[in-house]
Each structure stands twice: as C-alpha cells, then as structure tokens.
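Down below is the structure, laid out as structure tokens.
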Amino acid sequence: MKSYNVGIIGYGWVSTAHIQAINATAQAQVTAVYSSRPQDAAALSARHGSPIQTFTDLAAMLRRPDIHAVAICSYPHQHADHIIAAAQAGKHLIIEKPITLTAEDAKRVAVAVKAAGVKTCVCFECRFSSQFQATKAVIDAGLLGAIHYGEVDYYHGIGPWYGQFRWNTGKKDGGSSLLSAGCHALDALLLCMGGEVEAVTSYATRSKNAVFGQYEYATTSVTILRFADGRVGKVASVIDCLQPYYFHTHLVGSEGSLLDNKFHSQKLATNKHAWSGLAMKLLDSGDVSDHPYQTQFEAFFAALQRGAEMPLTNLEESLRSHRVVLAADRSAELGREVKLAELA
C-alpha cells in the first residue's frame, strides 16, 4: 500500500510524464485527475495502470480527504490560482515550471503556501539529472575551487514538432524564452554557483525563420548575472534554434574548470592541455518523458514521510531562481539593468 494519493490538475502532455513518474515511485500513486475537458475515468485508469477518478470541478477534487498532494500541470497562466486553491485545501504541491508568469503572482503564491504550511516540490528537475548531480559533486569536492564565472545555456528549438508549441507561442502562457524553458538553465547556474544575485542585464531577440513566426515574444535572450559578492554569470535561452538539444555548461574556478562532461583540476594535477572525462548522462532532450521526474518525486515523497522540506527544489529555494528569471525579463523589456530588490 502506497502512502500518498496524488491528484493531477490539468491533463495534458506534461501531466502524462508526471503520472508515469509518480506511479513509478514506491510511495505514491495518482488517483484523481482534474481537467476542464471531460475525461473518461476507465480510459485513463487503463492508460496509466491505476484506478483514477476524473473531475471537471476542481473544488470537488480538492475537497477529497483521501488526496494528499496535487501536481499542478495546468496552463502556466493558471498556475498561481491553482497553487493557491490547492494550498488552501491543505494539499502538498508538485508545481510544474514556471511557478507563475508575474512577480505579483509569485508573491501571492509564496504568501498562500506559507500560510497553509504545506510542503512543495517545484519541477526544476534538472537539479536531479545525472549531469548536475555529478557536476555538483565535483564542485562540492573542491575540484574547481571557488567559482567566479559560470555560464549555463539552453538551446532547444521549440517548433511545431514539439508538444509544447501549441500553446507556447502565445505570451499568455509562454511568457518569455526563459519562462517557457530556459529557466532550467538559469536554475542550474544558481545551483552551481550559489550565493545571491544582486542584479541582471538581459537582451532579447528572435529568429527570422518563418517556422518561429507565431511566437508573440522574443525567443532568444541572453542574461548577465551580477552576484552580491562580485562574481558573474551568463545564461542564454534559445528556443528558436535549429540544432540538436544542448544544455551548455561552463564553470570557471580558482582550481579548475568544467565544460559539460569534461573538467580540469589543479588539485588532481590533470593536464590542462587536455580535458579529463566525467561519466554522466548529459541532458540531451526536451522530451518530458526523458526528464528525471521520478528521481525528484521520490525525494519529495521521502521528505514528506520525514515531515521535512523537499531538498533542492522546494518553493522557497525555487523562487530564488524564479525571481531572477522575472528580473531578467523585466530588464529585457525596460532596456536596463534590474536589481533583484526591485521585485521585493
């Protein structure tokens, strides 16, 4: 018998990956799905391999005492209201990115979740990938020394061939290149560098290829981050490229450097004229079925069993990255540096 029953809010492409990952954990199973479109309970149960009750009334699902947590998989413009409703109903939260599309909604969510006292897991799941678990281990072992510069870039052409494209092109739900997808790269940079970001400067542009013409916002951005301690970083978010998926990572420290799955460290006396290799699975796909959701969700449910906060991607930690994303978008819009204090 599994300990946690989970309800899904919003039944679309990403929710199918959530359901598969949740059901694959030892601790939880999906037992309910809310969708504004009527769903056939028998068909969903057969598809996902567990008994699922369907709802078109969100409040009715949230009233169920046998549902312990919900996964927010609705359209991004709905996230804030759905998070707040679920928190007020006392449900623990799995929140698909982006958390919200505006700074004002981010504040509303933070207040509501704190007041409700529920536990949270934000889907910055790249922190649980083989690539960044190994990268963080290299950093924590001191092999790079003190990192003073880092760049993590997201290259993934999100065109008609990709499931998210249908709604991602509109500003109402896509928001920006960073909010749409590049936030994973910015979050990974903050995981690697730590510390507080003081200010950002961002510029945005877009491809002239007609295939990306439906986008209502700039599909490429580059952001320079200035940390409070003087260090700097850079994040490019390019969702209009025509190339293989690439999650570029380059960290430069006082004792060595790391480039994707390669590194050099003076502490190991490696040859600085040639990279040494790291055994890791690189992030190489935007397909939600390839994301490390299961690893992340297992950590979330294990934390629930301990009565502890989710490691790495609880709401408080994730809002640090999310606010930098929102500041970067504001910088690109205003054409000037934006200090994080402006979003306080």
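The values are calculated or read from the model by the stated rules, or taken from the named source; none is laboratory data. In this text the structure is predicted, and so the values were computed from the model without any measurement. Ideal geometry is used to build each Cβ from the backbone, glycine not excepted, and the neighbour counts take in all protein chains shown.
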Considering every residue within the stretch 152-171, establish whether at least one is crowded, with 23+ Cβ neighbours inside 10 Å and touching a strand residue (DSSP E or B) at 6+ places or on another chain (Cβ under 7 Å). yes
Pairs please, first residue from the stretch 95-111 and at positive phi, second anywhere and of a type in the set (Gly, Ala, Ser) and buried (at least 23 other Cβ atoms within 10 Å of the Cβ), Cβ atoms under 9 Å, 6+ apart in sequence or on different chains. none
When the stretch 151-180 is examined, which residues are found to be out of contact with any Gly (no Cβ under 6 Å at 6 or more places or on another chain), in contact (Cβ under 8 Å) with a residue 60 or more places away in the chain and of a type in the set (Phe, Trp, Tyr)? Tyr155, Tyr162, Trp167
Would you mind telling me which numbered condition in (1) touching a residue at least 60 places away in the same chain (Cβ under 8 Å); (2) more than 19 Å from the chain's Cα centre (by Cα) Ala269 fails? (1)
Complete set of residues in the stretch 282-304 that are in contact with an Asp or Glu (Cβ under 8 Å, 6 or more places away or on another chain) and buried (at least 19 other Cβ atoms within 10 Å of the Cβ): His291, Pro292, Tyr293, Gln296
Wholly enclosed strands (runs of 3 or more DSSP E) of the stretch 201-255 bearing at least 3 residues loosely packed, with under 15 Cβ neighbours inside 10 Å and outside the structural domain of Cys183 (by TED's automatic domain parsing): none
Among the listed residues Arg336, Arg330, identify the single one that is assigned to a helix (DSSP H, G or I), within 30 Å of Thr201 (Cα to Cα) and among the basic types (Lys, Arg). Arg330
Looking at the stretch 66-84 only, could you name the residues that are out of contact with any Lys or Arg (no Cβ under 9 Å at 6 or more places or on another chain), of a type outside the set (Asp, Glu) and surrounded by fewer than 23 Cβ atoms within 10 Å (Cβ to Cβ)? Gln78, His82
For the stretch 305-319, name all the residues that are surrounded by fewer than 20 Cβ atoms within 10 Å (Cβ to Cβ), touching a Lys or Arg at 6+ places or on another chain (Cβ under 9 Å) and in a helix (DSSP H, G or I). Glu316
Residue match in the stretch 22-40 (condition: loosely packed, with under 13 Cβ neighbours inside 10 Å, in contact (Cβ under 8 Å) with a residue 12 or more places away in the chain, more than 20 Å from Glu96 (Cβ to Cβ) and charged (D, E, K, R)): yes
